[in-house]
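Here the structure comes first, spelled out in structure tokens, and everything after it is commentary.
The values are calculated or read from the model by the stated rules, or taken from the named source; none is laboratory data. Computed from a predicted structure; not experimentally measured. Neighbour counts are summed over all protein chains in view; Cβ atoms, including those assigned to glycine, are modelled from backbone coordinates with ideal geometry.
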Amino acid sequence: MTPRWRLAGLVAICCVLLAPVPIRAGEDKDFDVQILAIRATTANSEVSPELKDLAEKLSKQFKYTGFKLEKKAAGQAKIDKAFEAELIENYSAEVTPRELKDDRVKMNLKVTRREDGKPKTKLKTDLTTERGKFVLVGVEKLGKDEFLIIAAAVR
Amino acid sequence: MTTGCNEHRETLAALSGGALDAIAPRAIEQFGRHLADCPRCAAALAGVRANDDADSVISLAAKSAPQMFARDADRIWRAVSTANAEAARLRLFRRGLRLGSPLAAVAACALMVTLWHGLQPAPQKAWGFEAASWVEVDGVEVFDDHSGIFVSSGGDDMLPFIWVIDENGDES
């Protein structure tokens, strides 16, 4: 057995023994995060099935009539650690859980768009809301008749 | 056999019996000189040599030396055989190790990958969409030409939201 193979075997065995440790260590501190990218429009009345109830309410509050779910990103994040998701048209969002207590969740939401290769922050907000329920943030016009709405939730 | 032969009878007997320790070096020397003049003694000694199938007196000496017991020979042979068998087993083990190590390394890597994936938290299923009925906004920052926001905390069948508006007051 050459020293190279001996070393490779040793490294592999060490990896096997150590690999699960960091996963187990933080397992109970992860929280589920979900971010949605919704394209609202005045050009049509098409509504994604998941957004039917939302559309009914939002159409009363805004001029938009169509709501299309463009992207759904789900992941996990620890307290004060961001979960980041790439959305549509170079937009991305970061959700950072700050505090979870009973049915309330405090979080930070940051929306960024990559323009000319550089990320530009569009919005940052700290808010508290219901755990597992989505907060709606109207970010920016996507075109003449379209608007980007981001919905974020932590549980 | 002459009178001189009688003087060397004990020496000849000792040589015939292999009892070399009983013969003084001086007696052997004298017997050697006697043999040159005495064909009978020479013939008698030759008889001893023929019977022993030996070439010289040295062979008699060798024959009289302590011999190895059969059980000692067996013990030594068994030890040699055992050592050979152990060495063979060791050689086989080393060969197996040499051939098996790369396979073991590959297997360990495969096990590592399997464990890694197996222990990863299962991807969380996205849960159904339900808008929050209330929101408390602790702070909002907007950038670029977006000059303001419109915030509704909800209530009265109104959804809470944060809505960025542009400098013209339009919805961004």
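What to note about this one:
- Qualifying strands (runs of 3 or more DSSP E) (wholly inside the stretch A:66-155; at least 1 residues being more than 10 Å from every other protein chain (Cβ to nearest Cβ)): A:66-77, A:83-86, A:91-101, A:104-115, A:118-130, A:146-154
- Selection count where residues are at pLDDT below 90 and surrounded by 15 or more Cβ atoms within 10 Å (Cβ to Cβ), scope the stretch A:90-102: 1
- In the set (1) of a type in the set (Lys, Arg); (2) modelled with pLDDT of 75 or more; (3) surrounded by 14 or more Cβ atoms within 10 Å (Cβ to Cβ), B:Arg75 fails one condition alone, (3).
- Pairs are defined by a Cβ separation below 9 Å, a sequence spacing of at least 6 or placement on different chains, a first member in the stretch B:81-94 that is part of a helix (DSSP H, G or I), and a second member that is surrounded by 10 or more Cβ atoms within 10 Å (Cβ to Cβ); the pairs so defined are B:Arg94/A:Met1.
- Any hit, the stretch A:49-59, residues being modelled with pLDDT of 90 or more and touching a Ser or Thr at 6+ places or on another chain (Cβ under 9 Å): no
- Within the stretch A:14-47, the set of residues being at the interface with another protein chain (Cβ under 9 Å from one of its Cβ atoms) and modelled with pLDDT of 65 or more comprises A:Asp30, A:Asp32, A:Val33, A:Gln34, A:Leu36.
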